[in-house]
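The values are calculated or read from the model by the stated rules, or taken from the named source; none is laboratory data. Given the structure is predicted, the values throughout are model-derived calculations rather than measurements. Here the Cβ is made from the backbone with ideal geometry for all residues, glycine too, and neighbour counts use every protein chain on show. Ligands, DNA and RNA are stripped out before the accessible areas are found, and what is left, the full protein with its side chains, is counted by its heavy atoms. Shrake-Rupley method; radii C 1.70, N 1.55, O 1.52, S 1.80 Å.
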Amino acid sequence: MADTPSVFSVLPRHLAIIMDGNGRWAQARGLARSEGHKAGAETVRTIVAECCRLSISYLTLYAFSTENWSRPKTEVSALFALLVEFLRRELPLLQEKHICLRTIGAVEALPLAQRSALAHAVRATEGNRAMVLNLALNYGGRQEILRAVRNMIHDGLAETSVTEEVLAGYLYTAGQPDPDCIIRTSGEQRLSNYLLYQSAYSELIFSPVFWPDFGVSELHRALQEYAGRTRRFGKC
Ligand code: IPE
Ligand code: IPE
Ligand code: MG
């Protein structure tokens with residue numbers, strides 16, 4: 001029986017996840033890495049549905065980093081094919097659960113089929129209010145900050161008018177709260193260029209479980225760990 005939302009004394013308003021370990025999950029089974037990504041897409045469905053059930057307002061999933069282009073072409077293509085398939089298959093779930101899909105990252109550099117599928121799903125769900133699901137695609141924190149600085153210069157902002165809030169408004173996550181909690185699966189303990197500006201005070205939770213095996217109980221374990229943290233924001 002799944003825990004009810006009331007089990008958690010406090011939940012993150014914005015949860016971000018670094019979905020890592022698909023390749024190792026597959027390799028451990030003698031499968032191709034792409035099979036790990038396929039299994040990982042199933043986990044996305046489960047975790048999105050559970051976060052929505054728990055009334056988490058924002059969920060941000062790291063799906064493809066600016067550095068992931070350096071993987072073999074075949075793996076990049078397999079990931080992109082999976083994205084289109086995922087959007088086609090899961091759009092009904094997003095609609096049923098009133099989830100608003102957004103993207104963060106340089107999606108304009110993705111191939112046409114991926115851009116079209118994303119644009120369609122984003123448009124179709126833009127009025128949904130239960131949860132915002134940000135997919136980080138061709139996303140890099142440094143690229144995001146650089147883009148923000150360039151756009152501020154382009155807009156002719158005066159030096160004194162550039163505040164933390166103004167800069168935040170130029171990020172892909174403009175208008176959204178910073179992630180309260182970032183979970184990374186697969187035992188790796190680094191940010192890998194994820195949400196560098198927004199993660200200033202995020203609680204970091206590391207799970208040893210590979211992403212395809214990260215289920216509702218692992219999510220609950222991570223959320224319990226988050227609920228037990230004392231967030232001080234510099235105060236004593
Ligand atoms: C995460 O799994 C998915 C993406 C980065 C797209 P990996 O593919 O990084 O899996 P590992 O870390 O090699 O096991
Ligand atoms: C981070 O995972 C990117 C995504 C989960 C999309 P990576 O597997 O690419 O990160 P590193 O290379 O281990 O730092
Ligand atoms: Mg990895």
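Could you tell me what percent of the accessible area of the chain is made up of carbon and sulfur, with a 1.4 Å probe and every protein chain present? Write down the numbers at each step before the final one.
Details: 6360 of 11790 Å².
Its accessible area is 54 percent carbon and sulfur atoms.
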Margin query: Please compute the Kirkwood hydrodynamic radius of the chain from all pairs of different C-alpha atoms, in Å with one decimal.
Written below: 18.5 Å
Notebook entry, point to check: Which of the listed residues, Ala136, Ala119, Ala78, is farthest toward the dipole's positive end in region 27-178, when Lys, Arg count +1 and Asp, Glu count -1 at the beta-carbon?
Noted result: Ala78
Item checked: In order through region 22-28: 3J(HN,Hα) via Karplus (6.51 cos²θ - 1.76 cosθ + 1.60), integer Hz, x for Gly, Pro -> 4, x, 5, 4, 5, 4, 5
Checklist line | Hz values of 3J(HN,Hα) by residue in region 127-142 - Karplus curve (6.51, -1.76, 1.60), Gly and Pro given as x | finding: x, 6, 10, 6, 7, 9, 10, 8, 9, 8, 10, 6, 9, x, x, 5
Checklist line | Whole-Hz ³J(HN,Hα) from phi, Karplus 6.51 cos²θ - 1.76 cosθ + 1.60, for region 206-221, glycine and proline x | finding: 10, 10, x, 6, 5, 3, x, 9, 7, x, 4, 5, 5, 4, 4, 4
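So if we plug the beta-carbon distance of Ala113 and Ala158 into 1/(1 + (r/R0)^6) with R0 = 41 Å, what FRET efficiency do we get, rounded to 0.05?
Working: r = 42 Å, r/R0 = 1.02.
E(calc), rounded to 0.05, equals 0.45.
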Next item on the list: In a Gaussian network model over the chain where Cα atoms closer than 10 Å are linked, find which of Val162, Val84, Val149 has the largest mean-square fluctuation.
Entry: Val162
Next item on the list: Take the Cα of Val84, step 7 Å along the line toward its Cβ, and report every residue of region 101-145 whose backbone nitrogen sits under 15 Å from that point.
Entry: 110-121
Check: So what's the back-of-envelope 222 nm ellipticity for the chain, counting only DSSP H runs of four-plus at -39500 (n - 2.57) apiece and dividing by all residues, rounded to 500?
Finding: -13500 deg cm²/dmol
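Considering only protein heavy atoms, what per residue accessible area in square angstrom results for region 3-113 with a 1.4 angstrom probe?
Numbers: 5080 Å² over 111 residues.
Solvent-accessible surface per residue comes out at 46 Å².
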Notebook entry, point to check: Once both labels are modelled 7 Å past Cα along the beta-carbon direction, what's the Ala168-Arg221 spacing in nm?
Noted result: 3.3 nm
Next item on the list: Mind listing the long-range amide H neighbours of Ile205? Cut-off is under 5 Å, sequence gap 5 or more, other chains count too, H placed in the peptide plane at 1.01 Å from N.
Entry: Ile182, Ile183, Arg184
Notebook entry, point to check: Under 5 Å between amide H atoms, partner at least 5 residues away or on a different chain: which partners does Thr60 have, H built in plane at 1.01 Å?
Noted result: Leu15, Ala16, Ile17, Asn134
Next item on the list: Pop a pseudo-label 7 angstrom from the Cα along the beta-carbon direction at both Ala124 and Arg71 and give the gap in nm to one decimal.
Entry: 2.4 nm
